[in-house]
Each structure stands twice: as C-alpha cells, then as structure tokens.
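Peer 1: The structure follows.
The values are calculated or read from the model by the stated rules, or taken from the named source; none is laboratory data. Predicted model, so just to flag it, every value in this text is computed and none were measured. Using ideal geometry, Cβ is built from the backbone for each residue, glycine included, and neighbour counts are taken over all protein chains shown. What goes into the accessible areas is simple: the full protein's heavy atoms, side chains included, and nothing from ligands, DNA or RNA. Shrake-Rupley method; radii C 1.70, N 1.55, O 1.52, S 1.80 Å.
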Amino acid sequence: MSTGNMNLTLKVWRQKNTKDKGKMVDYKVADISPDMSFLEMFDVLNEDLITKGDDPIVFDHDCREGICGMCSMFINGRPHGPKDAVTTCQLHMRSFKDGDTIVVEPWRAKAFPVIKDLTVDRSAFDRVIAAGGFISVNTGNAQDANNLPIPKAQADAAFEAAACIGCGACVATCKNASAMLFVSAKISQLALLPQGQPERYKRVQNMVAQMDAEGFGNCTNTGACEAECPKGISLENIARMNRDYYSAKFISEEEG
C-alpha cells in the first residue's frame, strides 16, 4: 500500500466525436495523494490541461458515491479498475503504486457509441427499460405494504436484482458485448414480485426484443459480467429471464 504521494503516467483515449478515429494520449500526473479517488485524480489532470489551454478530458460522473452508475472507465483492461465490487468513483489511488502506467479507455460496444473521449451514449439501456421495465398500476394512494405479503426469499432476490445501477460494465467486459445481465436484472426485479405478474411475459418479450434491436450481443455463459459487476448481480437472473422468455413463447402460441 502506498504511503506517500505518487507520480503516474496515464494513457487516455481521446476522441473528438463519434466519427473521429480517436487515439491514446499520454499524460503525466504528479503528487497524487493515495487518498484521492480515481475521478479526483482526473479532476487534477483536467485542471492542469485547462490551465495550459488544452481541452479537458470528458468523462461521465454524477453522484460519486457508487450509486448512479454514471462513471464508466475501462481501467487497465477492467471495467471500473482493479478492485472487485467497486465503481470507478469509489476506486482510490492507493490501489496503484508510484510510477505506475494506467491505461484508461471508454466502454467498448457497438451499442455504446463514443460521444467524446471517455463518455459513451448509453441511451440504449433507457430504451430497453422503456420497452417493458415498468408495471401498470392504478393512480392514487399506495397500498399498505402488509396488504401484499411476499416471502422473504423472493423479496431479497428482487432487491438484489434491483441493486443494478445500469453502469454498463457487464456490456463492456463481455466478449460479445451482451446486455443480458442488465436486462435480466431489470426483468427479475419485477418478475419476482406480485405487482409484476400481470405483464410478466409480455415484459420479457418486449425487453429482449429491444435489447436485440439495439445491437447487443448474445450471452455465451462466460461469466465475466457477474465477475465485473460492481453490485454483484447474479447470473441466476439470466437463467430466470430465459425461462420466462421461453414460457412467454408457449403462452403466446396457446393464446393465438
């Protein structure tokens, strides 16, 4: 573990826009505290670039608390960096050593086109959610929670699926750029609860169809998505989604 400040070399992807070819650019950063977050280190670099009259590096961020899912950097070949179950904003510089070279790239996927530098367009996720990631309910006051008893095991599983923050690390790390871990988590959080039952099979068909339309790849059970997910979303959600998808096919045929 580092005890003093560090001098580092950064190799950062710079790309002016979606059509630009882009390239890696080297930067030196000095006197970096091990207690800084990775994004704070980038803030220091950007302040230096602005002072010199250069364009700052564009990157996504918002809450910086590991909740919003905005931060999205591919660091030394891993989404969110070398630590498990940690987002980029919660990664601290004590995870690196003085003199290290750190390679930083954006998420790489056809469905996540680069907007500029390290920022990608993840609106494909929004369109998948809009296709079915909701329940239809009557307006008015919410029911008392005790009116809908739910077994604890199911409630826990739904909560764990709902922990997905939609960062896209699963897509970035998958060799197929598959979004099935994300989509299955959003399907499972509703499929496991009574409120999600009326539209359960229509939902899975619509969301999978939108996922395919966005250009995401298919799952080949490598497991990299679960390993790199900062919230530990389980592959069991993909299995549940697949079961619901095939069940929906049979139900549609019977209704037809």
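Peer 1: For Val103, state whether it is over 21 Å from the mean Cα position of the chain (by Cα) and under 12 Å from Leu10 (Cβ atoms).
Peer 2: Numbers: over 21 Å from the mean Cα position of the chain (by Cα): no; under 12 Å from Leu10 (Cβ atoms): yes.
In short, no.
Peer 1: Now, a different point. Could you count how many residues in the stretch 134-172 are outside any helix (DSSP H, G or I), hydrophobic (A, V, I, L, M, F, W, C) and open to solvent by 80 Å² or more (accessible area, probe 1.4 Å)? Write out each step before concluding.
Peer 2: Of the stretch 134-172, the ones outside any helix (DSSP H, G or I) are 134-144, 148-151, 163-168.
When the remaining residues are screened for being hydrophobic (A, V, I, L, M, F, W, C), the result is 134-135, 137, 142, 148, 150, 163-165, 167.
Retained after the next criterion (residues that are open to solvent by 80 Å² or more (accessible area, probe 1.4 Å)): 134, 137, 142.
Final tally of qualifying residues: 3.
Peer 1: OK, next. State whether the residues of the stretch 221-231 include one that is open to solvent by 40 Å² or more (accessible area, probe 1.4 Å), part of a helix (DSSP H, G or I), in contact with a Ser or Thr (Cβ under 9 Å, 6 or more places away or on another chain) and not aromatic (Phe, Trp, Tyr).
Peer 2: yes
Peer 1: Could you please give the count of residues in the stretch 232-245 that are among the aliphatic types (A, V, I, L, M) and either assigned by TED's automatic domain parsing to the domain that holds Gly66 or in a loop (DSSP other than H, G, I, E, B) (or both)? Even if it seems obvious, please write down each step before you answer.
Peer 2: Applying the first criterion (among the aliphatic types (A, V, I, L, M)) to the stretch 232-245 yields 233, 235, 238-239, 241.
Those left that are additionally either assigned by TED's automatic domain parsing to the domain that holds Gly66 or in a loop (DSSP other than H, G, I, E, B) (or both): 233, 235.
Qualifying residue count, the stretch 232-245: 2.
Peer 1: Can we say Ala85 is in contact (Cβ under 8 Å) with a residue 40 or more places away in the chain and either β-branched (Val, Ile, Thr) or open to solvent by less than 20 Å² (accessible area, probe 1.4 Å) (or both)? Write out each step before concluding.
Peer 2: Values: in contact (Cβ under 8 Å) with a residue 40 or more places away in the chain: yes; either β-branched (Val, Ile, Thr) or open to solvent by less than 20 Å² (accessible area, probe 1.4 Å) (or both): no.
Judged against the criteria, Ala85 is not a match.
Peer 1: If you scan the stretch 29-53, which residues turn out to be in contact with a helix residue (DSSP H, G or I) (Cβ under 9 Å, 6 or more places away or on another chain) and either under 18 Å from Phe74 (Cβ atoms) or open to solvent by 80 Å² or more (accessible area, probe 1.4 Å) (or both)?
Peer 2: Asp31, Asp35, Ser37, Phe38, Leu39, Glu40, Met41
Peer 1: Something else now. Go through the stretch 1-57 and report how many residues are of a type in the set (Lys, Arg), under 24 Å from the mean Cα position of the chain (by Cα) and assigned to a loop (DSSP other than H, G, I, E, B).
Peer 2: Start the filter on the stretch 1-57 by keeping residues that are of a type in the set (Lys, Arg), which leaves 11, 14, 16, 19, 21, 23, 28, 52.
Now narrow it down to the ones that are under 24 Å from the mean Cα position of the chain (by Cα): 11, 14, 16, 19, 23.
Checking which are assigned to a loop (DSSP other than H, G, I, E, B) leaves us with 16, 19.
Residues that pass the stated criteria total 2.
Peer 1: Considering only the stretch 55-82, state which residues are open to solvent by less than 40 Å² (accessible area, probe 1.4 Å) and either out of contact with any Phe, Trp or Tyr (no Cβ under 8 Å at 6 or more places or on another chain) or more than 27 Å from Asn17 (Cα to Cα) (or both). Write out each step before concluding.
Peer 2: Going residue by residue through the stretch 55-82, those that are open to solvent by less than 40 Å² (accessible area, probe 1.4 Å) are 57, 59-60, 66, 69, 71-75, 79-81.
Hits for the stretch 55-82 are Asp60, Gly66, Gly69, His80.
Peer 1: What number of residues in the stretch 173-184 are touching a Lys or Arg at 6+ places or on another chain (Cβ under 9 Å) and surrounded by 21 or more Cβ atoms within 10 Å (Cβ to Cβ)?
Peer 2: Our first condition is that a residue be touching a Lys or Arg at 6+ places or on another chain (Cβ under 9 Å); within the stretch 173-184, this holds for 173, 177, 184.
Cutting the leftovers down to surrounded by 21 or more Cβ atoms within 10 Å (Cβ to Cβ) gives us 173, 184.
Qualifying residue count for the region: 2.
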